[in-house]
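Notes follow the structure.
Readers should treat all values here as calculations from the given coordinates under stated rules, not as data from a laboratory. Computed from a prediction, not measured in an experiment: that's the story for all the values here. Every residue, glycine among them, receives a Cβ derived from its backbone with ideal geometry; neighbour counts consider all protein chains shown.
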Amino acid sequence: MLLLRIRRDRRGLTLLELIIAMAILSVLASAVLPMAEITVKRSKEIELRRALRTIRTAIDDYRNDYQRAVAEKKIIASINETGCPKELAQLVDGNDWGRMYAYKKKYLRRIPRDPFDAYDQGWGLRSYADEPDSTVWGGEDVYDVYSQSEKFGLDGTPYNTW
C-alpha cells in the first residue's frame, strides 16, 4: 500500500528527463533545418525555371506571329526589325498584327516574378544584337531574359546564367 502511495505522488518528469528530452529535440531540429532550407531553395529554383520558360516561350510566339504577319503581308517589316517585342509589357498588352487576328493576341497574362529578385530589379534583358551572355541590354528589343540574382543554384551554377 505504501508503494502505491509513493507512485501516485510522483507525477510529472524529473529534471534529468527534461534535459534528455530537450537534447534529443535539439539534435533532431539541427538535422531538419538544413533540409528545410534546401527544400525552399529547390522550390524557388523550380519557380525560376518555370518563369524563364514561360517568358521565353512567349517571346518566341510573339516573334513567330511577327514573321507570319510579314509573310502574309499583314504588316510591313522594317530593315532592322527582328520581330521581338520592344519591351516585356508588349507580351501582356498583345498585338493584332495588322488584323491577322480579330483581337489583340496576348502572350502573357502577367509577367512572372523572379523568385530570387530581392531588390525589385526585375528581369535582366538581352536584345537580339547583344552577346548571349551579355549583362547590359542594348535596348532595341527583348530577345531573352535572365535572373539578375548573383546567388548560386544547388548545382553550383549562378542563376543569372540559366
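Assorted remarks:
- Folded to 0 to 90 degrees: helix 15-71 orientation relative to the chain principal axis, Cα: 10
- Applying 1/(1 + (r/R0)^6) with r as the Cβ-Cβ distance of Ala21 and Lys41 and R0 = 22 angstrom yields a FRET efficiency of 0.10.
- Note on the chain: helix-only mean residue ellipticity at 222 nm, from DSSP H runs of 4+ residues weighted -39500 (n - 2.57) and normalised by residue number, equals -15000 deg cm²/dmol.
- For a label point 7 Å along the Cα-to-beta-carbon line of Ala118, residues of the range 139-155 with backbone N under 12 Å: 149-152
- About its Cα centre, the dipole of the chain is roughly 1300 debye, where the only charges are +1 on Lys and Arg Cβ and -1 on Asp and Glu Cβ.
- In nm, spacing of pseudo-spin labels at Arg109 and Thr14 (7 Å Cα→C-beta vector): 6.2
- Pairs of lysine residues in the chain that meet both criteria, 8 or more places apart or on different chains and Cα atoms under 15 Å apart, total 5.
- Inter-site label distance for Arg99 and Ala31 at 7 Å from Cα along Cβ, in nm: 7.2
- Relative contact order [Cα under 8 Å, 6+ residues apart], the range 14-161, whole percent: 19
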